[in-house]
Amino acid sequence: MSTPQALPRVALTWLLVAQALAILPHFLHVPLWLAGFWLACVTWRVQAFRMKVGYPGPTAKIALVAVAAAGAYVSRGTLIGLDGGVVLLIAAFILKMVEMRSRRDGLVLVFLGFFVVVTSYLFDDSIATALYSLLPVTALLAALIGLQQSPGAVVRPQATLRLAGQLLLQALPLMLLLFVFFPRMEPLWSLPVPDKKGITGLSDNMSPGDVAELSQSTELVFRARFEGPLPPRRDLYWRALTLEHYDGRRWSQGYAAQGYGAPPAWRRQGNPLRYSVVMQPTAKPWLFGLDVAETDRDDVRQMSDFRLQRRRPVDRALLYQVTSWPQAPREVNAAPQGMRRALQLPSAGNPRTRAWAEDLRARYPATPDLVKAVLAHFRQEPYVYTLHPGEGGADDIDQFLFETRRGFCAHYAGAMAFVLRVAGIPARVVAGYQGGEPNAAGNYIQVRQFDAHAWVEYWQPDTGWVSADPTFQVSPERIEQGLEEALAKEGTFLEDSPLSPLRYRNLGWLNELRMTWDNLNYGWQRWVLGYQGEQQLAFLQRWFGAVDGRVFALSLVGGVGLAFAVVALFLFKPWVRLRDPQQRAFRDFEILLARQGLRRHPGEGPRDFARRAAAALPRQAAAIDAFAHLFEAQRYAGEPAASQALRDALKAVRRALPWRPGVSSS
Amino acid sequence: MLKARFAPYWNRWLARRLPTAPQVTLNQRRIFIVPTRVGAAFGVALVLMLLAAINYQSSLAYGLTFLLLAVFLVTILHTYRNLATLVLKAGGGNAVFVGEHARFQVRLESGGRAHQAIALGWPPEPLEIYDVPANGAWECRLGQAAVRRGWLRPGRMRVETRFPLGILVAWSWVDLDLAALVYPRPLPGELPLVPAAGDEEEGNRAIGRGADDYQGLKPYQPGDSKRRLHWKAYSRGQGLLVKDFAALGGRELWLDYESLSGDMEMRVSLLCHWVLALSERSQAFGLTLPGLHLGPDEGEAHRDACLRALALFGVAR
């Protein structure tokens, strides 16, 4: 290995294929100029291989690196962080291909390729990505094999690929064992995460139109699997966060709620609901749960407004177990003055609504009566539940309540909280999701962005916080059946995405297909992506009982050893005597003649033995000679070994010999 | 340095474990296997990937790391298998003169499987790489520079393979008992020819004239030995001329070591030259070395016997 060895053609072929396969999924998030850069570099490399152009000299290399770095900087604004880093990594991967001349360069390229594949997992971890990544990995292994093949060997690329595939297949059981048993650790240090700017979802402030916009998206938010039967749909109010501050236009999270205040007072009461949630990355720290929710995770806390919040934003799929106590009273004994935040209002605006609220207060001194009156108002007056409420003006609540009377859940919730606050009742808007689509195949429900919802909760002494949903008064279908039914008359459900399979839920087979696919994805998230920490421990405990570290290590080592042994047995097949086929044929020949009483003397060569045998058996001499001649030719004269011809000659000897049992039985 | 210190122990251990034999089948007793430098780099890459998997809590990154680790483990078997059951058989080594390259024949026979990228040789010289087809064989000719006369024994040969991934190397040290005879380097020069006993006068005359003398040049005729072509004359444009040696017809000549002066190597080289020259002219001659008389005779067999005696004269074993 002292002198740089030239690159075999097979290796170059597979390196080019592997590079294309490895880079392809990255084009979903890297700037597009990389594609052009890659094509140019590949063309250069192929032409260099065909000796049409030279390899880049030192100046050209420096120029190429400068172009790549400048491109990464211009398109990403930085070279630090994951997004800039990945662009640089891919650029290095491409550039190394151009300057690659020796086997050593080829090896560097293969290793870079593995890193490029790993980084693609950080941007997308779906089943499709995982399965797809087997292609570049196989091609990279094929390239690695090609780099080792002898220079003179004429090998077809397919043979190399087949060997790479065999290696991967044989490695699979070992890999599964390692995956199941290898102890998972907490992150050692925090790393930059993929930029999730493009994620749609709830934000910590809301104008009435925001939720309507969200309801155009079919993107999955989370899936929840219940132990026991699914609760009725109308009870599924998934709290994400509360919006306490109103500035006359938008509702937003209050400052106090953002901090880590003391956990709120509540009492477990009634029957709990237990379920597990697998949520998609949101890049936000809050989790989803039914009131009042507790989780098993150490890094998740219940905040002062009963929402669940994680220490770090959820930047990849997250699995957590929840116990909810729907009947639990919340902050029953809180001091009324502590509720000042829930009474905050802008100093002016919406005069008609304020007048109406004060009028209501005068008519209904008891809080429950007043709330009932407000809800009755929504039910009895001709309100319309619509995705297209029209533009709101300066006093948009006035406009909504007394003129247009058209709105989406956020309009109703916002207006009602405003009215209650004017009437002196502490109230706030809760943002989250409502309902979800049950998946019969998997006994879980899927909640999508269009299930986004906003409702109201108000507080009264001795009762605590109570939820109320004005939308239910206007459009009970929304709550009991879902958005699609609520918008059936209007026909605006997913109007921007005519091809979404969710629009064709009435087509039986299509819906079944969609459900099965979703179930598969759910299993993937639960069992593969979510196989971390507690999930691993729970799984191992279920199968192996209480697990301590030693048993863990022993079963890992033992399992790997066993799998290794199985592969070894498969590869070596010790039950098959690996003997030279020529020698095997000759031994059979000896056995045949021994039956005739002719044994080879020690040290007697094949030719002498055959001559003696031919003399003793003159009638079979031709066949014996033919065999001996062929054997000698193959064995000693270096003729290409055709074991079939030898076996045919042996068969001729066997046919020629008379069968004389009893003469010899060796 | 450490390596040099332990070399004797290592060699003794090897000699016990892998004794000399004309035919060797590689098996688990004979094959060693360790990761290569590339394998170490592969390991470092795996550690980096594992760190990424831990820090990003990415199951897929864990999966790929474990898959490649498993590939590494499985490759141990594949690399070993690529060498196991391979049969190495010693062929002859041709005789050469000092300064030439001796070629040793080694026959690689497959025990059923194909063996790819098998490297053979004597480090520190670079190894030669061969492929052995399934159920087939491959004749290798391995060169080794002949620097001293006598038996050239290249010693333990390294046979190794890094196939399929290059991350592991399986190797063995095989002593096939290969040997090639190295003749002295022929050295042209004056030589006292000692005629057969009883013909002293003629002998003296021969010494006086010098056997190197030739009678003159005569035009080349088909059938004349090409070795006797006078190239210098040809290069001067005098046409093809052949050196016509004085015929010492029929007389038996003795090449005598004792009658020469100089050190042993020089004398042996001179004798070697004359053995070749006289054989070329089909002249019968005898060779006298201390304690050894060959001939007088002529012909190839005699020549080879003389060369062999010269090659081994004064050499241990």
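The values are calculated or read from the model by the stated rules, or taken from the named source; none is laboratory data. Keep in mind that this is a model prediction, so the values were computed, not measured. Every residue, glycine among them, receives a Cβ derived from its backbone with ideal geometry; neighbour counts consider all protein chains shown.
One residue is enough: does the range A:406-413 have a residue meeting the conditions surrounded by fewer than 24 Cβ atoms within 10 Å (Cβ to Cβ) and not aromatic (Phe, Trp, Tyr)? Even if it seems obvious, please write down each step before you answer.
At the first step, the residues of the range A:406-413 found to be surrounded by fewer than 24 Cβ atoms within 10 Å (Cβ to Cβ) are A:406.
So of that shortlist, the ones also not aromatic (Phe, Trp, Tyr) come out as A:406.
Checking the range A:406-413: at least one residue is surrounded by fewer than 24 Cβ atoms within 10 Å (Cβ to Cβ) and not aromatic (Phe, Trp, Tyr).
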List the residue pairs whose Cβ atoms are under 7 Å apart, where the first residue sits in the range A:82-96 and is closer than 10 Å to A:LEU109 by Cα and in contact (Cβ under 8 Å) with a residue 12 or more places away in the chain, the second is among the polar types (S, T, N, Q) and crowded, with 20+ Cβ neighbours inside 10 Å, and the two are 6 or more positions apart or on different chains.
A:PHE93/A:GLN19
Out of A:LEU140, A:LEU134, I need the residue that is touching a residue at least 60 places away in the same chain (Cβ under 8 Å) and touching a helix residue (DSSP H, G or I) at 6+ places or on another chain (Cβ under 9 Å). Which one?
A:LEU140
Quick one: in the range A:568-584, which of the residues that are at pLDDT below 70 and of a type in the set (A, V, I, L, M) is nearest to B:LEU83 (Cα to Cα)?
A:LEU578
Checked the range A:424-451 for anything surrounded by 23 or more Cβ atoms within 10 Å (Cβ to Cβ) and either touching a Cys at 6+ places or on another chain (Cβ under 9 Å) or under 23 Å from A:TYR364 (Cα atoms) (or both); matches are A:PRO426, A:ALA427, A:ARG428, A:VAL429, A:GLN434
Looking only at the range B:24-36, count every residue that is out of contact with any Phe, Trp or Tyr (no Cβ under 7 Å at 6 or more places or on another chain) and surrounded by 13 or more Cβ atoms within 10 Å (Cβ to Cβ) and tell me the total.
7
The condition of being acidic (Asp, Glu), within 20 Å of A:LEU24 (Cβ to Cβ), assigned to a helix (DSSP H, G or I) and more than 12 Å from chain B (Cβ to nearest Cβ) holds, among A:ASP105, A:ASP83, only for A:ASP83
Yes/no for A:GLY597 being more than 38 Å from the chain's Cα centre (by Cα) and under 30 Å from B:GLU109 (Cα atoms)
no
Go through the range A:128-154 and report how many residues are more than 25 Å from B:GLU128 (Cβ to Cβ) and within 8 Å of chain B (Cβ to nearest Cβ).
5
B:THR65 passes all but one of the listed conditions (1) facing another protein chain (nearest Cβ under 7 Å); (2) crowded, with 23+ Cβ neighbours inside 10 Å; the exception is number (1)
Of the numbered conditions (1) more than 10 Å from chain A (Cβ to nearest Cβ); (2) in contact with a strand residue (DSSP E or B) (Cβ under 7 Å, 6 or more places away or on another chain), B:THR85 fails exactly one; give the number of that condition.
(1)
Give me the pairs: first residue in the range B:118-134 and more than 9 Å from chain A (Cβ to nearest Cβ) and more than 18 Å from B:LEU178 (Cβ to Cβ), second residue of a type in the set (Phe, Trp, Tyr) and surrounded by fewer than 20 Cβ atoms within 10 Å (Cβ to Cβ), beta-carbon distance under 8 Å, and six or more apart or on different chains, which are they?
B:VAL132/B:TRP138
The one condition A:PRO574 fails out of (1) outside any helix (DSSP H, G or I); (2) farther than 30 Å from A:LEU172 by Cα is (2)
Expected output for the range B:299-317 (first residue buried (at least 16 other Cβ atoms within 10 Å of the Cβ), partner part of a loop (DSSP other than H, G, I, E, B) and at pLDDT 90 or above, Cβ below 6 Å, 6+ apart or cross-chain) is B:LEU310/B:PRO184
Wholly within the range B:212-317, strands (runs of 3 or more DSSP E) carrying at least 3 residues that are modelled with pLDDT under 85
B:214-219, B:241-245, B:253-256, B:292-297
Please go through the range A:444-454 and give me each residue that is outside any helix (DSSP H, G or I) and among the polar types (S, T, N, Q), ordered by number.
A:GLN446
When every residue in the range B:151-170 that is part of a strand (DSSP E or B) and surrounded by fewer than 20 Cβ atoms within 10 Å (Cβ to Cβ) is compared, the one nearest to the chain's Cα centre (by Cα) is B:TRP151
Residues that are under 26 Å from B:GLY166 (Cβ atoms), more than 8 Å from chain B (Cβ to nearest Cβ) and assigned to a loop (DSSP other than H, G, I, E, B): does the range A:155-170 have at least one?
yes
Of these, A:ALA355, A:ALA415, A:ALA441, A:ALA376, which one is assigned to a loop (DSSP other than H, G, I, E, B) and among the small types (Gly, Ala, Ser)?
A:ALA441
Consider A:VAL110 carefully, then state whether it is assigned to a helix (DSSP H, G or I), within 14 Å of chain B (Cβ to nearest Cβ) and in contact (Cβ under 8 Å) with a residue 40 or more places away in the chain.
yes
Is it true that some residue in the range A:609-629 is modelled with pLDDT under 85, of a type in the set (Lys, Arg), part of a helix (DSSP H, G or I) and closer than 26 Å to B:ALA137 by Cα?
no
Flag if A:GLN541 is of a type in the set (S, T, N, Q), surrounded by fewer than 14 Cβ atoms within 10 Å (Cβ to Cβ) and closer than 30 Å to A:MET185 by Cα:
yes
May I ask you to verify whether B:GLY93 is touching a Phe, Trp or Tyr at 6+ places or on another chain (Cβ under 7 Å) and modelled with pLDDT under 85?
yes
Got at least one residue in the range A:547-558 being within 14 Å of another protein chain (Cβ to nearest Cβ) and more than 30 Å from A:LEU236 (Cα to Cα)?
yes
